[in-house]
Amino acid sequence: MPDTHAQSKAAARRQKSAEPDDLISVLGPDNRKDAPTDLSPDELTKIYAMMVENRLVDERMITLQRQGRIGFYIGSVGEEAAILGAALALRPQDWFFPCYRENGVALMRGLSLRNYFDNMVGNGEDPVKGRQMPNHIAWRPANYASVSSPIGTQYTQAMGAAWAAKLKGDDVVAMSFIGEGGTSSNEFHVAMNFAAVMKAPVVFMCRNNQWAISTPLSRQTASETFAVKAMAYGMPGIRVDGNDLLAVHRVAKEACLRARNGEGPTFIEAVTYRVLGHSTSDDPKVYRPDEEVEPWRKKDPIERMRIYLDARGLWDAKQEKKLREDLDVRIRETFAAAEAAQGPTIESMFEEVYARPFWNLDEQRAEAESFGTAPKH
Amino acid sequence: MPTMNIIQAVNDALRIEMKRDPRVVILGEDVGKFGGVFRATAGLFEEFGDKRVIDTPLAEGGIIGAAIGMALYGLRPVPEIQFSDFIFPAFDQIVNELAKYRYRSGGQYPAPVVIRTPVGGGIKGGHYHSQSPESLFIHTAGLVVVCPSNPIDAKGLLLSAIRGEDPVLFMEPKRVYRAAKGDVPEGDYTIPIGKAKIVREGDQVTVIAWGAMLHEAMEACEQAAAQGLRPELIDLRTLWPVDIDALVTSVKKTGRCVIVHEAPRTCGFGGELSSLIQERCFVHLEAPIRRVTGWDTPFPYTLENEYLPRAPRILKAMQETTAYEA
C-alpha cells in the first residue's frame, strides 16, 4: 500500500514551492501601521536607528574611499532590513557567520564604531590588526566569525559550529548569510546537506539582492526561486520580502525557534536589491540599466520603516533630524580618531600565523624589521 | 610494551585523547561503525558513541568546513580524509580558511583542527590512492605538517598534534601502515612537533627522508654501510616546522646530502630543503645536494615501483654524492 499521508504531504510541499510569488510580507506595500510585530516600541526605534547608522556609515565610507582615504568598501545600502532584521532574532550566546555585507550586525552586537573604522584604515587597533582589507572583520565578544572573500565557506563553518553546539547540548543557534550568487557554490550545497542530515541548529539566510557583481540572478539558477532549493535538502525554504524589517525579523525568529527546538535548519531567501555597485571597485552602469534600479529605491527598507514608525506615532521629523545630525558628527569624529591612530607594527605581521612563531618567522621578522617601514607606492 | 603497527598506534592515540578530553570528536567518511577503510578508528564508535565518532555525508569540503566551525566553537575535531588524494575538494577550506583563521581574525579565533589522512603509493592504488601532496600544504602559511614513519612516533606525534593550538595535517604513510611495527609504550606520552630524529649516525653523507620512504632510505643506508660508506639518516617526522638545526648540524658534519621523497621532484619539499641547507652550509658542502624523488608525472598504476624512489636509486645517489670531487 502506498503511504497516502506521506504522498499528500509531499504534494503539499510541491504545491507550496510551486508558488514563487508567495512572498512573506508584514509591512505590506503601504507600510501599514497595524502591521503585527512582537517588537516593542523601544526595540523598533532602536533597530530603526541602527539601520540609519548602518546607512550613514556606508555612505560616508564610500565617500572616503572616493577620496582615497580608505582602500575599499563594500556596504549594504538597501539591504539593511534583510541583514539587521534577521540578526535581531539572535541572542547574545548565538553565533553569526557573515558573508561580507553584514558589518552592521557586528555593530549591532557591540563592536564599537571606532573599532569598525580601525578596520577601515587597517591601523594597529583594528580587531584584525590590519591583516585583512576593509569589511573583513571578526569580533569574538559577539560570536561574530571572521569574514572571508571566497563564496560560501562561511555557510559550512556555521553548520559546523551549530552542530558543535548541538553535540555539547548548548542552547545556541548559528546564523549565516550568503548572497544569491553564493548559492551556486559547492559550499552552499555541502552546508545545506550536512545541516539537514545532522539537524544542526542553523539559520541559513540568503540575501537575494539579484546581482553578483555583474552577474544577474538568471545566471545563478534555473529554479523558480532560491527558497525552493531548501525542499530538496529536507528543510523549510522561506521566501520573505527582504526590504520589510518586520517580516524578516518574524521569519528569522521562527527559524531560530525551530533550531532551538531540535527541528534543524531553515533556509530563508530575503528578496531585496543591490541598489549600488557590488563594491567601490565597480560601476553598475556598465552592466545594468538605471531603470531597473529606480523602483527599488522607492522600496527602500529604511524609508518603509520610517513611514511605519511615523504612522504609529513612534517617530517624527524632529527625531529623524536629530538622529542624522548626531550620527553625522559621531561618524566624522570617530573616523578622524581612527585615521590618526598608529599603523600595525612590522612585528605584528609575523604574529599569530601560528600560536607561537616558528624559526622561519623569527628569521624573516628580523629581516623585515631591518628595513623598517617601506616607501608607499 | 605491546607490539603495534601504525594503524593500531593511531587508534591507541585517538582512544587515549578521547578519554582524556571530552572536546575531541572524530568525523569523516566511514569512520564510525565501520571504523575507517584502514580501520584506524575501529572500536571508537562503540566506545564513545555517535556524538563523538561521526559518519558524515561524502564531501571533504563539508568535513573540513564543519570541523572548522566545531573548532571555533571550542571542540577539538580530528577529521579523517579517507585518502589524501581526496583532499582537494577541501583545499579552499584548508588553505584559505583553516590555515588563516587565527591570523586573519587578529588572533581572536584559533582553529585547532587535526586532519588525519593516509598518503603515499606502493599499495597498487593508482593515481587516486597514492599521491603525496605535502608540499602544497607546507607552502601554506598557518599549517603544521607531520608525517611519521613508525608506530611509536605516530602515537606520540598525534597526541602532540591534538593537544596543540595550531591546525595540523597529519599524514599517515599507508604503504607501511601495517608493515612498520614497533614496541609502543602503553598509555600517555607525546613526541614534540618540530623535532627530527637521527635514525642512523654517520659522518660521510646525510640522508633525509620521512614516512614510507624512510624505510627505503634505511635499506639503502644498510647496503651502503655494507660497502663501507658511513651515512647519517634523518627521519624528519615533522615536515613543517622542519627541524632546521638537526639538518644543518648533520650536513656541516658530512658535507654531503641526499633528500628522498615520493612526491614529484619539481617544487617538491626536497627543493626547499636543499635551498635551506645550501643557504646555511654552503662552505661545508663537498658536493651538490641530490634529490631522489617521484618523477614529474602523475602517479602511475602498473609502474609504481619504477616511479617510487626505491632503495637502489637512493643508494646510487649516495654513492655518487660521496664520490663527487669538485
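Electrostatic bookkeeping for B:MET1 treats Lys and Arg as +1 and Asp and Glu as -1; over the other residues with beta carbon under 15 Å from its beta carbon, the sum is -3. How big, in percent, is the set of alpha carbon pairs in the protein assembly as shown lying more than 50 Å apart? Of the Cα pairs, 23 percent sit more than 50 Å apart.
For segment B:3-183, the normalised intensity computed at q = 0.11, 0.12, 0.13, 0.17 Å⁻¹ comes to -0.41, -0.49, -0.58, -1.04 (log10 of I(q)/I(0), Debye sum over alpha carbons, equal scatterers, no solvent). Centroid-to-centroid, using Cα positions, segment A:280-340 and segment B:240-279 are 59 Å apart.
What's the carbon and sulfur percent of the protein assembly as shown's accessible surface, probe 1.4 angstrom, rounded to a whole number? The value for the protein assembly as shown is 53 percent carbon and sulfur by accessible area.
Of all lysines in the structure, the ones whose alpha carbon falls short of 26 Å from that of A:LYS322, not counting any fewer than 8 places away in one chain, are A:LYS33, A:LYS46, A:LYS298, A:LYS299. For segment B:197-323, the share of alpha carbon pairs falling in successive 10 Å distance bins from zero is 14, 49, 31, 5, 0 percent. Think of each Lys and Arg Cβ as +1 and each Asp and Glu Cβ as -1; about the Cα centre, that makes the dipole of segment B:117-247 roughly 440 debye.
Legend: mean number of C-beta atoms from other chains within 10 angstrom of residue C-beta atoms, peptide A:145-152, equals 5.
Across chain B, the volume of the C-alpha convex hull divided among the residues equals 125 Å³ per residue. Put simply, when B:82-91, B:189-198 are sorted by average Cβ atoms within 10 angstrom per residue, most first, you get B:82-91, B:189-198.
Averaged over the residues of A:180-192, the number of partner chain Cβ atoms lying within 10 Å of the residue Cβ comes to 3. Counting, for every residue in A:346-357, the Cβ atoms of other protein chains within 10 Å of its Cβ and taking the mean gives 4. If you take the alpha carbon atoms of segment A:105-213 and fit the smallest convex hull around them, that volume is 110 Å³ per residue.
Using the Cβ of A:THR345 as centre and a radius below 14 Å, the other residues enclosed give a net charge of -3, where K and R count +1 and D and E count -1. Assuming charge only on the beta carbon of Lys and Arg (+1) and of Asp and Glu (-1), the dipole of the protein assembly as shown about its Cα centre is about 620 debye to the nearest 20. Shape annotation for chain A: C-alpha extents along the principal axes are 80, 54, 43 Å, from largest to smallest.
Take B:110-117, A:144-151, A:257-264 and order them by the average number of nearby Cβ atoms within 10 Å per residue, most first; the result is B:110-117, A:144-151, A:257-264. Each Lys and Arg Cβ is given +1 and each Asp and Glu Cβ -1; about its Cα centre, segment A:201-299 then shows a dipole of about 280 debye.
Relative to the longest principal axis of the Cα atoms of chain B, the long axis of helix B:6-20 lies at roughly 40 degrees.
Distances between placed amide hydrogens fall under 5 Å for B:ILE54 paired with B:ILE26, B:LEU27, B:GLY28, all partners being 5 or more residues away or on another chain. Since only B:LEU303, B:ILE16, B:ILE81 are under comparison, the one whose Cα sits farthest along the positive direction of the charge dipole of chain B, derived from C-beta charges on Lys, Arg, Asp and Glu, is B:ILE16.
Each listed q (0.12, 0.13, 0.22, 0.23 Å⁻¹) maps to a log10 I(q)/I(0) for segment A:217-322 from the Debye sum over equal C-alpha point scatterers, namely -0.62, -0.71, -1.17, -1.20.
Residues of segment A:82-111 whose accessible area, computed with a 1.4 Å probe over protein heavy atoms, drops by at least 40 Å² once all protein chains are present relative to their chain alone are A:TRP95. Think of it as helices only: each DSSP H run of n ≥ 4 in the protein assembly as shown is worth -39500 (n - 2.57), and spread over all residues that comes to -12500 deg cm²/dmol at 222 nm. Segment B:139-182 has equivalent-ellipsoid semi-axes of 21, 12, 6 Å, by the square roots of 5 times the alpha carbon gyration tensor eigenvalues, sorted largest first.
With the highest mean first, a sort of the peptides A:245-252, B:301-308, A:202-209, A:174-181 on other beta-carbon atoms found within 10 angstrom per residue produces A:202-209, A:174-181, A:245-252, B:301-308. For chain B, modelled as a GNM whose springs connect Cα atoms under 10 angstrom apart, the maximal fluctuation among B:SER105, B:SER135, B:SER250 occurs at B:SER105. The alpha carbon centroids of segment B:1-45 and segment B:68-82 are separated by 15 Å.
Convex hull volume of the C-alpha atoms in segment B:255-308, normalised per residue: 62 Å³.
The values are calculated or read from the model by the stated rules, or taken from the named source; none is laboratory data. Here the structure is a predicted model, which means the values were calculated and not measured. Cβ coordinates were reconstructed from backbone atoms using ideal geometry, including for glycine residues, and neighbour counts include every protein chain displayed. The area values use the complete protein model at the heavy-atom level, side chains included, leaving out ligands, DNA and RNA. Shrake-Rupley method; radii C 1.70, N 1.55, O 1.52, S 1.80 Å.
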